[in-house]
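Remarks on the structure that follows.
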Amino acid sequence: MRTATIERATKETQISVTVELDEKGRADIDTGIGFFDHMLTALSVHSGISMTVKVKGDLNVDCHHTIEDTGIVLGQALGQALGTKSGIVRYGTAYIPMDESLAMASLDLSNRPFLVFNCDFTNQSCGDYDLCMTEEFFRAFAFNAGMTLHINLLYGSNDHHKAEAVYKAVAHALKTAVTLNADGNTLSTKGVL
């Protein structure tokens, strides 16, 4: 079973994350930020990766530490659950529409972390979720998972739809990338990732 649990406690956040890569996307999410819970639930359900995410953060300050630190811990848990990353498809790309919005995500579980993020939002927030934190979340997630991640929001007008298309595009790309390949070999000319 490909699973991991990571806990992290700082003066700003207390976080516990469990991921199960082969459990069909059960989501149990509580970050204290309703819209972020909605996005992480979409990430779990659409990737097929079960996630339990429990966060207590300094929301009296703002949502920054809660969202970024969740990305750190979720990325660490994904990386640990994947182990050496041998035997996986490794790459994934998905285009996801959400009404008038269209997002694309392409990723490589390569142990070479990088983020390219081309997304523009019109408003400052959706509920208590600062939309500028979308990039910070995915940066923390990608770097801690050892993932090269490219996200492009091609177009859209409603910020809720734009953010949701982004999270779902990453989810579907991730679903492909974590799938076990037919021969169990490492997909690399080097023989290791």
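Within region 1-46, how many residues are polar (S, T, N, Q) and farther than 18 Å from residue 67 by Cβ? Final tally of qualifying residues: 3.
Here the condition is being touching a helix residue (DSSP H, G or I) at 6+ places or on another chain (Cβ under 8 Å) and surrounded by fewer than 17 Cβ atoms within 10 Å (Cβ to Cβ); of 92, 127, it holds for 127 alone. Apart from one condition, residue 73 fits all of (1) touching a strand residue (DSSP E or B) at 6+ places or on another chain (Cβ under 9 Å); (2) under 18 Å from residue 172 (Cβ atoms); (3) not acidic (Asp, Glu); the exception is (2). A single member of 42, 105 is in contact with a Lys or Arg (Cβ under 7 Å, 6 or more places away or on another chain) and either buried (at least 18 other Cβ atoms within 10 Å of the Cβ) or among the charged types (D, E, K, R) (or both), and it is 42. Only one entry in 92, 75 is among the small types (Gly, Ala, Ser), in a helix (DSSP H, G or I) and at pLDDT 95 or above, namely 75.
Counting only residues that are among the polar types (S, T, N, Q), touching a Lys or Arg at 6+ places or on another chain (Cβ under 9 Å) and under 12 Å from residue 13 (Cβ atoms), how many does region 45-72 have?
1
This table checks each residue for (1) under 18 Å from residue 176 (Cβ atoms); (2) in a strand (DSSP E or B).
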position	(1), (2)
81	yes, no
96	yes, yes
104	yes, yes
107	yes, yes
115	no, yes
136	no, no
143	no, no
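How about region 47-62: which of its residues are among the hydrophobic types (A, V, I, L, M, F, W, C), surrounded by fewer than 22 Cβ atoms within 10 Å (Cβ to Cβ) and in contact with a helix residue (DSSP H, G or I) (Cβ under 7 Å, 6 or more places away or on another chain)? Passing the criteria: only 59.
The values are calculated or read from the model by the stated rules, or taken from the named source; none is laboratory data. Keep in mind the model is a prediction, meaning the values are calculated, not measured. Because the Cβ atoms are built from the backbone with ideal geometry, glycine has one as well, and the counts that use them run over all protein chains shown.
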